[in-house]
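Please treat every number below as a calculation from the coordinates, not as lab data. Worth saying up front: this structure is predicted, and the values here are computed from it rather than measured. Because the Cβ atoms are built from the backbone with ideal geometry, glycine has one as well, and the counts that use them run over all protein chains shown.
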Amino acid sequence: MKRSIKAITVQELTDELIRAGYKHYSARQVCHWLYKSRTLRSFDEMTNLPKEARWYLAEHYFIDSLAVENVQESIDGTKKILYRLRDGEFIESVLMPDNKKRDVFTLCVSTQVGCPMKCTFCLTAQMGYIRNLTPPEIIDQVLISRREFLTENQCLRNLVFMGMGEPLLNTQAVVTALRFLTSPQYCAFSPRRVTVSTVGIPPGIKKLGESGVGVNLALSLNATTNELRSQLMPINKKYPIESLIDACREFPLPRRRRITFEYVMLKDVNDTEEDARRLARLLRPIRAKVNLIVYNPVPHLPYEPSPQEHIERFRQILVTKNYTVAVRYSKGKDIKAACGQLAGNYLLAQSH
């Protein structure tokens, strides 16, 4: 049975090709095509390899583990990409242009088919959980998005693991994919430009820190008391806020880096002045910055976005406590590509 060529390292591929009778440098040539080329679709295009080597690779491996099923484009330039996996399942990722530099893009990457977290304000949670993605399925979202949807003059600079699924419930595959994505030998993304977002899985935070990949950590907090957070995010019953703060305090941070705390602003739920003061106290032991996220309403879910004046008042309280605070307005809302909206009608229909 064929397997993904992106499931093996340069050394593993070198050893295999040498055993098959090809030159030791052939694997480096293959990896250059796979990870540096923006046009590669088949082994036949690897023109600096002997034909026999290309035939060998085509017989034993496939290049892409995903197929583009559908693309929607927002009025703001965001693209939501529906991918079909080789087993017939579907995932979505989102390609977003920078607000100022329109030729620079960020990709929102998925790590699971569906999501097991059951957060009550999130559309993806309505799908339920189907399975983890493999490292090649994670990597291919990056490579195919760059190949199919960006021109030579456009740059994919940032990766955010904030798509479908909880990355730190698929830690081994995520870390493996991160090694490929950040290694100069492969995709060469700067770890400073890669962020993994979690609802808060302390063992996963520990493993990510110990892996040494050096990427950024973001934690979706969304409440300042265990009672409320458990209502919004049931995982809090297993991992309460105190355990998350401890895990974040122990997470290895390079100099001048901070952990991002994401806080979805829900009208009359978590947006009071006291919430802001509690948040400031909670984050005091950590090098932290805060993203206040304007909520994207989801049909049939009982939440509304906080009014602008509530958000500004919340922000000002945190600023006076010396936190760096940004208010985030999600892109792609008109195509259900915004934060918490992945798993559009097609995916939800498939899951029921």
Can you tell me how much longer the chain between residue 55 and residue 100 gets when fully stretched, taken as 0.36 nm per residue apart minus their C-alpha distance, in nm with one decimal?
11.7 nm
Longer than 31 Å from Cα to Cα, which of 237/289; 23/80; 118/206; 2/238; 80/101 are they? Say none if no pair is.
23/80; 2/238
Taking the DSSP beta bridges in the chain as the whole, what percent of them are antiparallel, to the nearest 5?
40 percent
Can you sort 261, 251, 62 so the residue with the fewest Cβ neighbours within 10 Å comes first?
62, 251, 261
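Note down the magnitude of the dipole of the chain about its Cα centre, charges +1 on Lys and Arg C-beta and -1 on Asp and Glu C-beta and zero elsewhere, to the nearest 20 debye.
1100 debye
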Near residue 6, which aspartates and glutamates are there with a Cα under 13 Å away, not counting those fewer than 8 places off in the same chain?
64, 137, 140
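Could you list 24, 310 so that the one with the fewest beta carbons within 10 Å of its beta carbon is first and the one with the most is last?
Values: 24 10, 310 20.
Ranked by crowding around the Cβ, least crowded first: 24, 310.
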Dipole axis of the chain (+1 Lys, Arg; -1 Asp, Glu on Cβ), positive-most option in 300, 269, 213
213
Out of (1) 27; (2) 8; (3) 16, which label holds the value of percent of Cα pairs over 39 Å apart that was computed here?
(3)
Rounded to the nearest 500 deg cm²/dmol, what is the calculated helix-only ellipticity per residue at 222 nm for the chain, with -39500 (n - 2.57) per DSSP H run of length n ≥ 4?
-9500 deg cm²/dmol
A chain fully extended from residue 183 to residue 301 at 0.36 nm per residue, minus the present Cα-Cα distance, gains in nm 38.4 nm
